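Visitor: Below you'll find the structure I mean.
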Amino acid sequence: MSELSVNHLLGIKYLNKKDIELIFETADHFKEVINRPIKKVPSLRDITIANLFFENSTRTKLSFELAEKRLSADVINFSASQSSVTKGETLIDTVNNILSMKVDMVVMRHPNPGASVFLSQHVDASIINAGDGAHEHPTQALLDSYSIRERLGEVKGKNVVIVGDILHSRVALSNIYALKLQGANVMVCGPKTLLPKYIDKLGVKVETNLRKALNWCDVANMLRVQNERMDISYFPSTREYTQQFGVNKALLDSLDKEITIMHPGPINRGVEITSDVADSKQAIILDQVQNGVAVRMAVIYLLASKIKQ
C-alpha cells in the first residue's frame, strides 16, 4: 500500500505531488462511503483524536468531527475559550495534558502562524493543521483542488484566480502551493493593499482588474475580506470593495465563457459574491463542503495508518 511521505499535515508546502494524488484517490473511496445509507466505516476504531480549536470555527470544526466519526475514531473536542488556556496555561502544557489521556492525533487551529509545526516538534502525536493564523490551511486547499478535479476533470493546466484578501488569507497561500504542485496556472486578484509584497515570488500572476482576471480563468476562488485580522483600513469602504472586486450574476453572464465559482466560506453575501452567484449552477460551494468531509477522512485515515505501524 502506498503511504504519505509525511507523518503530520502541517502545510501543503511539506507535501509532494504523489501525496496529493494518494489523498484524492483515498477521498474518492470515502466519498462513495458517505453517500451510502450507512455512512460509517470501522477503520479507526482504536484511534483517539483531539480537536483543539484556539480560534472560532464552524465549518472546519464540524467537517473534521464528522470525518473522524465516520471513521469510527474516538473524538475529544477542546475549545480554548472554555479551557485553562484562559488561565495562562501554555500550548505545550495543554497538549501534553490531553496526550496523557492517550490521544493519537491532534487537529489544531491556532491564531499563531507556525503553531502546528512547533507542536509537532514537541509532542508525540500526529498533528493536522486546521489553520494557523494567516499562514496555511492545508485541508481547505486539498478540498478546493479536489472540487476542481471533480468539476473539470483535472487540475493540471487549469487557470485558477484567487480573488480578494490575499494578505490575511491562509486559504490563499495553501491553495497557491497545492495548485502549483498539480500544474495549474495561478493568478491572484485584489486591491493592491491586500496583495502581499512578494506574492509574485511564488510564481503567480498578479492582476488588480477583476474583469481581466475572470476572462483569463477557468475557476475563480472568491475569498472573504477578513475584517477580524485587520488592524487598519485596507480599502475605503465595503461598498467600494464590492464595486471593484465583488462578483454578481450580470458580470458572470457578460464573460466570454462559463467559469466555475468557489468560496471557502463563510460567505459575506453581497460583498465578495451576490446570492444569485452563490446559489447558481456555476458555484460549487456546497460541493466543497461535502468534499471537505471526504478529503479530511482521507487525510486522517492515511496519517493514522502510519501511527498504527
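The values are calculated or read from the model by the stated rules, or taken from the named source; none is laboratory data. Here the structure is a predicted model, which is why all the values come from computation and not from measurement. Here the Cβ is made from the backbone with ideal geometry for all residues, glycine too, and neighbour counts use every protein chain on show.
Visitor: Using beta carbons and a limit of 6 Å, which pairs, at least six apart or on different chains, have the first residue in segment 46-62 and outside the structural domain of Ile267 (by TED's automatic domain parsing) and outside any helix (DSSP H, G or I) and the second one modelled with pLDDT under 90 and polar (S, T, N, Q)?
Guide: These pairs meet every condition: Phe53/Ser79.
Visitor: So, one more: List every residue pair whose Cβ atoms sit under 8 Å apart, with the two residues 6 or more apart in sequence or on different chains, where the first one lies in segment 29-40 and is more than 14 Å from Tyr301 (Cβ to Cβ) and assigned to a loop (DSSP other than H, G, I, E, B) and the second, anywhere, is of a type outside the set (D, E, K, R) and modelled with pLDDT of 90 or more.
Guide: Once the first residue is more than 14 Å from Tyr301 (Cβ to Cβ) and assigned to a loop (DSSP other than H, G, I, E, B) and sits in segment 29-40, its partners that are of a type outside the set (D, E, K, R) and modelled with pLDDT of 90 or more give Lys39/Val33.
Visitor: Still on this model: Can you tell me how many residues within segment 241-279 are touching a residue at least 40 places away in the same chain (Cβ under 8 Å) and closer than 23 Å to Arg170 by Cβ?
Guide: Going through segment 241-279 one residue at a time, the tally reaches 15.
Visitor: When you go through (1) surrounded by 17 or more Cβ atoms within 10 Å (Cβ to Cβ); (2) at pLDDT 95 or above one by one for Glu258, which number turns out not to apply?
Guide: (1)
Visitor: Condition check: out of contact with any Asp or Glu (no Cβ under 8 Å at 6 or more places or on another chain), assigned by TED's automatic domain parsing to the domain that holds Ala298 and either surrounded by 24 or more Cβ atoms within 10 Å (Cβ to Cβ) or closer than 17 Å to Lys180 by Cα (or both). Does Asp132 satisfy that?
Guide: yes
Visitor: Then there is this: All but one of (1) assigned to a loop (DSSP other than H, G, I, E, B); (2) over 28 Å from Ala115 (Cα atoms); (3) not charged (D, E, K, R) hold for Ser72; state the number of the condition that does not hold.
Guide: With (1) assigned to a loop (DSSP other than H, G, I, E, B); (2) over 28 Å from Ala115 (Cα atoms); (3) not charged (D, E, K, R) applied to Ser72, the lone miss is (2).
Visitor: How many of the residues in segment 188-212 are aliphatic (A, V, I, L, M), part of a loop (DSSP other than H, G, I, E, B) and either touching a helix residue (DSSP H, G or I) at 6+ places or on another chain (Cβ under 8 Å) or closer than 14 Å to Asn159 by Cα (or both)?
Guide: So the count comes out to 1.
Visitor: Could I ask something else about it? Of all residues in segment 215-236 being surrounded by 20 or more Cβ atoms within 10 Å (Cβ to Cβ) and out of contact with any strand residue (DSSP E or B) (no Cβ under 6 Å at 6 or more places or on another chain), which is modelled with the lowest pLDDT?
Guide: Val225
Visitor: Continuing with the same structure: What number of residues in segment 242-273 are over 24 Å from the mean Cα position of the chain (by Cα) and of a type in the set (Lys, Arg)?
Guide: Here the count works out to 2.
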